[in-house]
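Below is one structure; the comments refer to it alone.
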Amino acid sequence: MINLNERAKELYDDSLGNLSNEQLYTVLLRTVKEILGAQPLNDGKKKLYYVSAEFLLGNLLDSNLINLGIKDEVADQLAACGQSLEAVEAIEQEPSLGNGGLGRLAACFMDSIAALGLNGDGVGLNYHFGLFKQYFKDNQQYARPDVWLDGETWLRPTKTKYMVQFGDFSVQSTLYEIDVPGFQQGTRNRIRLFDIDTVDESLVAEDGIAFDKTAIEKNLTLFLYPDDSDHNGRLLRLYQQYFMVSNAAQLMIAEAIARGSNLYDLADYVVVQINDTHPTMIIPELIRLLTAEHGLPFDEAVDITSRIVAFTNHTILAEALEKWPLDDIRTVSPAIVMIIEQLAERVHAQYDDPKVAIIDETNTVHMAHLAIHYGFSINGVSALHTDILKRSELKAFYRYYPEKFNNKTNGITFRRWLMSANPALTNYLNRWIGTEWQETSDLTALAAYQEDDKALIEIFGIKQQAKQRLAAHLEETKGIRIDPTSIIDVQVKRMHEYKRQQMLALYIIKKYLMIKSGERPERPITIIFGGKAAPAYTLAQDIIHLLLALSELIANDPEVSPYLQVVFVENYNVTEAEYLIPAADISEQISLASKEASGTGNMKFMLNGALTICTFDGANIEMADQVGHDNIYTFGESSETVERLYHSSGYHSETYYARETIKPLVDFIVSDELLAYGSPERLERLYHDIKSHDYFMALLDLESYIAIKERVYADYEDRHTWDRKSLLNIAHAGYFSSDRAIREYNQDIWHLKG
Ligand SMILES: *Cc1c(COP(=O)(O)O)cnc(C)c1O
């Protein structure tokens, strides 16, 4: 069916075997794009719009080949003339359209929505430089633009354009699309990304990510989450949000009309899922368009909109709950402010309760409040998280609208995180339990082989292979050498105090001191980090600095380096994750209980047979329930205890610091040994913070963390038991498929026809 040789002739007037990997990539990109574009779109009267500030897609060639069912055919044609699909795939540059878990969730969801044949598109923005590209110098993080639009990409330009009116000027948008094929469906959906033609990439300084924040026509879609430490940066984020939702609203209204809606029945044609609060202004924007542009009465427009919009909450961290000064919104869109004021007035008249006010006494708009009052569904992303929303963070809302609250535990797409990232494990599963799991995500049949030595030895072999592949990748791309026979212990995720990378740093110090005093581990340990720190988040940068300084100190100490290595992988992204996760023996999920809404990294590691060290937080709890508490390593205080400590101001890090087990570890941060590799300013700031402040309570759980880590490393030496636990983790990961999550969203919220 596909003839790559023919395409090579057409494009390069040469045979496949003579092309460079770059040329081969172009051949494959164009061929697959054509096949994709020829597939019919999913249809149906009602359509979902999943609106998200981020889509952290990762590379698309391999997953598109898998979803189209043509990967083997393409690999064979390349192999037949001495070429390698894997080598061609290594050319691809991943889109920089997301940051972390929230954006990756949107990407997994798009894959599952298509796999289930549901009529649903993603809507977002086409950022030119993403968040930033991270690099290290002098043990510190630096940022440069993450350029991804220079060559040919998966984006397809369209002729769709809308006008978006800001306060005193307007811009014209252009719509780009990325096709999302449904696994074994023969149909596709799209991710619809809006941009403006007047973006000026030369606005960005050569040596960083600074730019003129006031030139909206030139900077609107340069970066995801532009620095908001000054007012112009915050305004720019608001311009982006309004631009995104105005385009989304215009698009869905136009498409609904094209499918036959008279707009009074819009809720039969459209459902909108907003991924966190960034797209909340879609509520007033829909009302504005329905009234001002389409002539519906205000009450009717409010009622229709309230039956269309559903909201996913992703965090209870105060800093991440968006609040915008009404005056800033007025600058961006005066028309929207008039509507928000009317909506707030209605809420005020009905519930005279400041806890649920949309506009507070300081004239600040609480975006989550707007979304809950004027949406029909609010969901958390794990059982614990939804529980916390109901009983504490959004208690007042739960009292008024119990029927709107629901849980949708996150999931991950097995097409990417198993079939694409771990072909050896995929093949193993096909051989041991058949291929039905590719449809159902049900892997439980594997548990029958938990005492089968052959099955266990193969699990071990697959892990070893992945570790060797990771070692080769790190050496080739970063010049870092790791020992593939060591225990690979991984914490990769955005840098944040609540995720407690600093707690693992303190454990590393503990291990370093143990080794120095002659207590050597059975087997070398490689601890790997990856993750970006927001440029304005000083303490997160300090934690990176501590880890890089520790890494260098240990590497330079011949007494310690044979037993312990610390690696920080630059610019952690989906591609790096796909190398790291299959290779991990240990998955670190050590957030302060109650703070990680769900996590999805945790699920990827479980699916790939890593054993998890975790707190009772987010989806970790459901992972323990699925796999059995004997097959996962839990430690630390419960979310109830942590919440109680916050409410009573009962946590004092000094008390923990004073313990003789803890003090030397914290003090080591400012020791002469470490200062030889680090900046006194950064290390002292971090030291003082942990000692006297420690808002996310790293010291609270440090002792139990040290204890569990020693147990895990010792357990690794019991081959049979470890491999058995690894097998059981894989066998019980099925619940965490995003196909399951999307089925639930559709049954409970969207009601689309499959
Ligand atoms: C899955 C994923 C995340 C989310 O990881 P958490 O551990 O859940 O925070 C972040 N970044 C990338 C690249 C991912 O693939």
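Using the structure shown, decide if Ile336 is closer than 23 Å to Tyr264 by Cβ, crowded, with 18+ Cβ neighbours inside 10 Å, modelled with pLDDT of 95 or more and in contact with an Asp or Glu (Cβ under 8 Å, 6 or more places away or on another chain). If you could, list the steps in order and put the result at the bottom.
Numbers: closer than 23 Å to Tyr264 by Cβ: yes; crowded, with 18+ Cβ neighbours inside 10 Å: yes; modelled with pLDDT of 95 or more: yes; in contact with an Asp or Glu (Cβ under 8 Å, 6 or more places away or on another chain): yes.
Criteria met by Ile336.
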- Message: Where the second residue is assigned to a loop (DSSP other than H, G, I, E, B) and among the aliphatic types (A, V, I, L, M) and the first is on the phi < 0 side of the Ramachandran plot and within 8 Å of the ligand (Cβ to nearest atom) and lies in the stretch 564-576, which pairs have Cβ atoms under 7 Å and are six or more apart or on separate chains?
- Response: Val574/Leu56
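Taking Asp62, is it closer than 18 Å to Asn3 by Cβ and in a helix (DSSP H, G or I)? Outline the logic, then answer.
Values: closer than 18 Å to Asn3 by Cβ: no; in a helix (DSSP H, G or I): yes.
Criteria not met by Asp62.
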- Hey, can you tell me all the residues within the stretch 16-51 that are farther than 17 Å from Tyr176 by Cβ and in contact with a His (Cβ under 9 Å, 6 or more places away or on another chain)? Lys46
- Note on the structure: Quick count over the stretch 139-159, residues being within 22 Å of Val204 (Cβ to Cβ) and assigned to a strand (DSSP E or B), is 5
- Task: Could you tell me whether the stretch 88-106 includes any residue that is in contact with a Gly (Cβ under 7 Å, 6 or more places away or on another chain), acidic (Asp, Glu) and closer than 30 Å to Ile283 by Cα?
- Result: no
- Residues of the stretch 179-198 classified as part of a strand (DSSP E or B), out of contact with any Pro (no Cβ under 8 Å at 6 or more places or on another chain) and closer than 18 Å to Lys33 by Cβ, total: 8
- Task: Only residues in the stretch 597-619 that are in contact (Cβ under 8 Å) with a residue 24 or more places away in the chain count as the first member; pair them with residues that are hydroxyl-bearing (Ser, Thr, Tyr) and within 8 Å of the ligand (Cβ to nearest atom), Cβ under 7 angstrom, at least 6 apart or cross-chain, and list the lot.
- Result: Gly618/Ser598; Ala619/Ser598
- Residue in the stretch 625-643 that is over 21 Å from the mean Cα position of the chain (by Cα), modelled with pLDDT of 95 or more and within 16 Å of the ligand (Cβ to nearest atom) present: yes
- What residue, among those in the stretch 40-65 that are under 16 Å from Gln185 (Cβ atoms) and touching a Ser or Thr at 6+ places or on another chain (Cβ under 6 Å), is surrounded by the most Cβ atoms within 10 Å (Cβ to Cβ)? Asn42
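So which residues in the stretch 596-611 are out of contact with any Cys (no Cβ under 8 Å at 6 or more places or on another chain) and within 11 Å of the ligand (Cβ to nearest atom), if there are any at all?
Filtering the stretch 596-611 down to residues out of contact with any Cys (no Cβ under 8 Å at 6 or more places or on another chain) leaves 596-599, 601, 603-611.
If the condition is that a residue be out of contact with any Cys (no Cβ under 8 Å at 6 or more places or on another chain) and within 11 Å of the ligand (Cβ to nearest atom), then Glu596, Ala597, Ser598, Gly599, Gly601, Met603, Lys604, Phe605 are the ones that fit.
Got a sec? Which of Glu519, Glu476 is surrounded by fewer than 17 Cβ atoms within 10 Å (Cβ to Cβ), part of a loop (DSSP other than H, G, I, E, B) and without any contact (Cβ under 8 Å) to a residue 12 or more places away in the chain? Even if it seems obvious, please write down each step before you answer.
Values: Glu476 fails: part of a loop (DSSP other than H, G, I, E, B).
The unique qualifying residue is Glu519.
Can you tell me how many residues in the stretch 503-546 are within 16 Å of the ligand (Cβ to nearest atom) and at negative phi?
Step one: of the stretch 503-546, the residues within 16 Å of the ligand (Cβ to nearest atom) are 503-504, 527-534, 537, 540, 543-544.
Narrowing the set further to residues that are at negative phi leaves 503-504, 527-530, 532-534, 537, 540, 543-544.
Count: 13.
Taking helices (runs of 4 or more DSSP H) that do not extend beyond the stretch 652-695, which have at least 2 residues that are in contact with a Pro (Cβ under 9 Å, 6 or more places away or on another chain) and surrounded by fewer than 21 Cβ atoms within 10 Å (Cβ to Cβ)? Reasoning before the result, please.
Values: elements: 653-657, 663-667, 672-675, 680-692.
Fully inside the stretch 652-695 and qualifying: nothing.
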- Count - residues of the stretch 362-401 that are among the small types (Gly, Ala, Ser) and part of a strand (DSSP E or B): 2
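Within the stretch 103-122, take every residue that is within 15 Å of the ligand (Cβ to nearest atom) and not small (Gly, Ala, Ser) and give me the one that is nearest to the chain's Cα centre (by Cα). Give the steps one after another, and end with the answer.
Applying the first criterion (within 15 Å of the ligand (Cβ to nearest atom)) to the stretch 103-122 yields 103-112.
Narrowing the set further to residues that are not small (Gly, Ala, Ser) leaves 104-105, 108-111.
On the way: Arg104: 4, Leu105: 6, Cys108: 9, Phe109: 11, Met110: 13, Asp111: 14 Å.
Looking at residues that are within 15 Å of the ligand (Cβ to nearest atom) and not small (Gly, Ala, Ser), I get Arg104.
Matching residues to (1) within 16 Å of the ligand (Cβ to nearest atom); (2) more than 21 Å from Glu322 (Cα to Cα); (3) free of Cβ contacts under 8 Å to residues at least 40 places away in the same chain; (4) among the hydrophobic types (A, V, I, L, M, F, W, C):
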{"site": "Val356", "(1), (2), (3), (4)": "no, no, no, yes"}
{"site": "Met367", "(1), (2), (3), (4)": "no, no, no, yes"}
{"site": "Asn379", "(1), (2), (3), (4)": "no, no, no, no"}
{"site": "Arg416", "(1), (2), (3), (4)": "yes, yes, no, no"}
{"site": "Asn422", "(1), (2), (3), (4)": "yes, yes, no, no"}
{"site": "Leu425", "(1), (2), (3), (4)": "no, yes, no, yes"}
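Just a yes or no: is a residue in the stretch 251-262 touching a Gly at 6+ places or on another chain (Cβ under 8 Å) and crowded, with 24+ Cβ neighbours inside 10 Å?
Within the stretch 251-262, the subset touching a Gly at 6+ places or on another chain (Cβ under 8 Å) is none.
No, there is no match, as no residue in the stretch 251-262 is touching a Gly at 6+ places or on another chain (Cβ under 8 Å) and crowded, with 24+ Cβ neighbours inside 10 Å.
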- Query: If you scan the stretch 486-502, which residues turn out to be over 22 Å from Glu578 (Cβ atoms) and either more than 16 Å from the ligand (Cβ to nearest atom) or not in a loop (DSSP other than H, G, I, E, B) (or both)?
  - Reply: Glu497, Tyr498, Gln502
- Message: So Asn430 ticks every box in (1) more than 27 Å from Gly530 (Cβ to Cβ); (2) surrounded by 21 or more Cβ atoms within 10 Å (Cβ to Cβ) but one. Which box is left unticked?
- Response: (2)
- Task: Evaluate the following for Ala107: is it out of contact with any Pro (no Cβ under 9 Å at 6 or more places or on another chain) and either in a helix (DSSP H, G or I) or buried (at least 17 other Cβ atoms within 10 Å of the Cβ) (or both)?
- Result: yes
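For the stretch 64-81, which residues satisfy the criterion of being of a type in the set (A, V, I, L, M) and under 31 Å from the mean Cα position of the chain (by Cα)? Lay out the reasoning, then the answer.
In the first step, residues of the stretch 64-81 are kept if they are of a type in the set (A, V, I, L, M); the result is 65-66, 68, 70, 74-75, 78-80.
Within the stretch 64-81, Leu65, Ile66, Leu68, Ile70, Val74, Ala75 qualify.
When you check Ser20 against the structure, is it within 16 Å of the ligand (Cβ to nearest atom), at pLDDT 95 or above and of a type in the set (Ser, Thr, Tyr), yes or no?
Working: within 16 Å of the ligand (Cβ to nearest atom): no; at pLDDT 95 or above: yes; of a type in the set (Ser, Thr, Tyr): yes.
Here the answer is no, as Ser20 does not meet what is asked.
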- Task: For the stretch 569-592, enumerate the residues that are more than 17 Å from Ile730 (Cα to Cα) and assigned to a helix (DSSP H, G or I).
- Result: Val574, Thr575, Glu576, Ala577, Tyr579
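The values are calculated or read from the model by the stated rules, or taken from the named source; none is laboratory data. For clarity, every value in this text was computed on a predicted model and none was experimentally measured. Methodologically, a virtual Cβ is constructed for each residue, glycine included, from the backbone with ideal geometry; neighbour enumeration extends over all protein chains shown.
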